[in-house]
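Asker: Have a look at this one.
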Amino acid sequence: MARIYGEFFLENGSKVVLRSPRWEDLDDLTKLINSLVEEGAPITMDRIITREEEAEWLAGRLANIEKGRTIMVVAEVNGKVIGNSEMNRPGGHQSHVGLLGIIVAREYRNRGMGTKMLETLIKESRKAGLKLLILDVLSSNTRARHVYEKVGFREAGVIPKMARTREGYDDVIRMYLEL
């Protein structure tokens, strides 16, 4: 059974449920990542993912959630997953660190969804005893950078041309938040 992290309402009255993922989310998660790839969104994934590839990825994430290595928060509206965020622990000498990632469907951006998911991951990461959160964002993704800065992330540095995009290359900005 999925853990419920919180609920809120969008300006149009739609209820958003922030919860842990379930195996039954596989098709929604596959559609979500592929919709971002198709739109050319500024994310690191650059090709369509098969259902089998997504199933392998989700199985690994669900196993890591059970082991305490991953915290995942999906956003659901009307029974459909429209956002996904996660924190993964690298382990070893970095066991106090969490690496973050987040995606939101195009039609749900600029509605507070990313902020709510990030705030939930930050809260749950603190509960898990983490001391530092890190994420990478493409320099062209100004919308995401704004959200990260709004919840307290700061720029650590820039790696020039680290990501290949449809337009050529993009710089990657590493950001961090001390907990």
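The values are calculated or read from the model by the stated rules, or taken from the named source; none is laboratory data. Given the structure is predicted, the values throughout are model-derived calculations rather than measurements. Here the Cβ is made from the backbone with ideal geometry for all residues, glycine too, and neighbour counts use every protein chain on show.
Asker: In a helix (DSSP H, G or I), of a type outside the set (D, E, K, R) and at pLDDT 95 or above, is that true of Ile71?
Answerer: Here the answer is no, as Ile71 does not meet what is asked.
Asker: Is it the case that some residue within segment 77-85 is in a loop (DSSP other than H, G, I, E, B) and of a type in the set (Val, Ile, Thr)?
Answerer: There is no residue in segment 77-85 that is in a loop (DSSP other than H, G, I, E, B) and of a type in the set (Val, Ile, Thr).
Asker: Looking at segment 154-179, which of the residues that are part of a strand (DSSP E or B) and among the acidic types (Asp, Glu) is surrounded by the fewest Cβ atoms within 10 Å (Cβ to Cβ)?
Answerer: Among those residues, the one meeting the criterion is Glu178.
Asker: Could you check segment 43-66 and list, in sequence order, the residues that are aliphatic (A, V, I, L, M) and either assigned to a helix (DSSP H, G or I) or free of Cβ contacts under 8 Å to residues at least 24 places away in the same chain (or both)?
Answerer: Met45, Ile48, Ile49, Ala55, Leu58, Ala59, Leu62, Ala63, Ile65
Asker: Please determine whether any residue of segment 129-144 is part of a helix (DSSP H, G or I) and either within 17 Å of Gly101 (Cβ to Cβ) or touching a residue at least 40 places away in the same chain (Cβ under 8 Å) (or both).
Answerer: yes
Asker: Is one or more of the residues making up segment 121-132 touching a helix residue (DSSP H, G or I) at 6+ places or on another chain (Cβ under 7 Å) and over 21 Å from Arg174 (Cα atoms)?
Answerer: No, the conditions are met nowhere in segment 121-132.
Asker: So, one more: Given the criteria touching a strand residue (DSSP E or B) at 6+ places or on another chain (Cβ under 8 Å), β-branched (Val, Ile, Thr) and at pLDDT below 95, does Thr120 qualify?
Answerer: Taking the combined requirement at face value, the residue does not satisfy it.
Asker: Can you tell me which residues in segment 152-179 are under 27 Å from Leu18 (Cβ atoms), without any contact (Cβ under 8 Å) to a residue 40 or more places away in the chain and among the aromatic types (Phe, Trp, Tyr)?
Answerer: The answer is Phe153, and nothing else.
Asker: Please verify whether Glu149 is among the charged types (D, E, K, R), in a helix (DSSP H, G or I) and in contact (Cβ under 8 Å) with a residue 40 or more places away in the chain, treating the condition exactly as stated.
Answerer: no
Asker: Evaluate the following for Ile103: is it in contact with a Gly (Cβ under 8 Å, 6 or more places away or on another chain), in a strand (DSSP E or B) and either without any contact (Cβ under 8 Å) to a residue 40 or more places away in the chain or not charged (D, E, K, R) (or both)?
Answerer: It is true that Ile103 is in contact with a Gly (Cβ under 8 Å, 6 or more places away or on another chain), in a strand (DSSP E or B) and either without any contact (Cβ under 8 Å) to a residue 40 or more places away in the chain or not charged (D, E, K, R) (or both).
Asker: Looking only at segment 11-42, count how many residues are in contact (Cβ under 8 Å) with a residue 24 or more places away in the chain, assigned to a loop (DSSP other than H, G, I, E, B) and within 18 Å of Met72 (Cα to Cα).
Answerer: 2
Asker: Suppose we filter Lys127, Lys150 for residues that are surrounded by fewer than 18 Cβ atoms within 10 Å (Cβ to Cβ) and either over 17 Å from the mean Cα position of the chain (by Cα) or at positive phi (or both); which single one remains?
Answerer: Lys127
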